[in-house]
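Asks: Below you will find the structure I want to go over with you.
The values are calculated or read from the model by the stated rules, or taken from the named source; none is laboratory data. Everything numeric here is computed off the predicted structure, so don't read it as measured data. Cβ placement follows ideal geometry from the backbone for every residue including glycine, while neighbour counts extend to all protein chains displayed. These area figures cover heavy atoms from the full protein model, side chains too; ligands, DNA and RNA do not enter into them. Shrake-Rupley method; radii C 1.70, N 1.55, O 1.52, S 1.80 Å.
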Amino acid sequence: QVQLVESGGGLVQPGGSLRLSCAASGNRFGFHIMGWYRQAQGKQRELVATITGGGYSNYADSVKGRFTVSRDNAQNTVHLQMNSLKPEDTAVYYCRTVGPDGDYWGQGTQVTVSS
C-alpha cells in the first residue's frame, strides 16, 4: 500500500512563495507520474502540475511561469515550488502518484494566499 505524506502548506501573502513536498513510501515499483492537484472551496479538483519519471513536466495554464514541479526518483519525493502566489491559488493541494502499484492520493495540505 502506497502512502503519500505532504508538507509545506500554510498562509502566505500575495506575491510570496511556498514549497510543497510529498514523500511516498510502500511502493514496490517506481512511479510513472507524480504530481499535484488542487481543490478550492466549492470547485472541482484540478490539475496543477505533473512530472514523469523521465522529467517531462506538464502545467495548468494558470500556474505556468510561476510554479515548478520536480521529483527525486531515488527518494520517491515530488516537490512544487510556488512563486508569485495569488489569492486565487488558495486551495487544498493534493499529491498524486500513478504507477504499477496503482493510483494514490495524499491527504492534502492547505495553501492560503491572503494579506
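Asks: Can you name the residue in segment 45-64 that is aliphatic (A, V, I, L, M) and not in a loop (DSSP other than H, G, I, E, B) and is also most open to solvent (accessible area, probe 1.4 Å) among such residues?
Replies: My answer is LEU47.
Asks: Something else now. If I ask for residues that are among the small types (Gly, Ala, Ser) and either touching a Cys at 6+ places or on another chain (Cβ under 8 Å) or more than 12 Å from HIS79 (Cα to Cα) (or both), which ones from segment 25-54 would you list?
Replies: Scanning segment 25-54 gives SER25, GLY26, GLY30, GLY35, ALA40, GLY42, GLY53, GLY54.
Asks: Collect the residues in segment 87-104 that are charged (D, E, K, R), in contact with a strand residue (DSSP E or B) (Cβ under 6 Å, 6 or more places away or on another chain) and not in a strand (DSSP E or B), keeping them in residue-number order.
Replies: Passing the criteria: only ASP89.
Asks: Just to be sure I understand the filter: pairs with C-beta atoms under 7 Å, separated by 6 or more residues or on different chains, first member in segment 66-86 and closer than 18 Å to GLY10 by Cβ, second member of a type in the set (Ser, Thr, Tyr) and assigned to a strand (DSSP E or B). Which pairs pass?
Replies: Every condition considered, the pairs that remain are PHE67/TYR59; HIS79/SER21; HIS79/SER70; GLN81/THR68.
Asks: Restricting the search to segment 1-22, which residues are touching an Asp or Glu at 6+ places or on another chain (Cβ under 8 Å) and either part of a strand (DSSP E or B) or modelled with pLDDT of 95 or more (or both)?
Replies: Scanning segment 1-22 gives LEU20, SER21, CYS22.
Here is a yes/no grid of residues against (1) at pLDDT below 95; (2) surrounded by 14 or more Cβ atoms within 10 Å (Cβ to Cβ); (3) over 11 Å from the mean Cα position of the chain (by Cα):
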| residue | (1), (2), (3) |
| --- | --- |
| LYS43 | no, no, yes |
| THR68 | no, yes, no |
| ALA74 | yes, no, yes |
| MET82 | no, yes, no |
| TYR104 | no, yes, yes |
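Asks: For segment 88-115, which residues satisfy the criterion of being touching an Asp or Glu at 6+ places or on another chain (Cβ under 6 Å) and not small (Gly, Ala, Ser)?
Replies: CYS95, THR109, VAL113
Asks: Can you spot a residue in segment 4-23 that is over 18 Å from VAL111 (Cα atoms) and surrounded by fewer than 16 Cβ atoms within 10 Å (Cβ to Cβ)?
Replies: no
Asks: Output the residue which, of all residues in segment 24-38 that are outside any strand (DSSP E or B) and small (Gly, Ala, Ser), is surrounded by the most Cβ atoms within 10 Å (Cβ to Cβ).
Replies: Per the stated criteria, the residue is GLY30.
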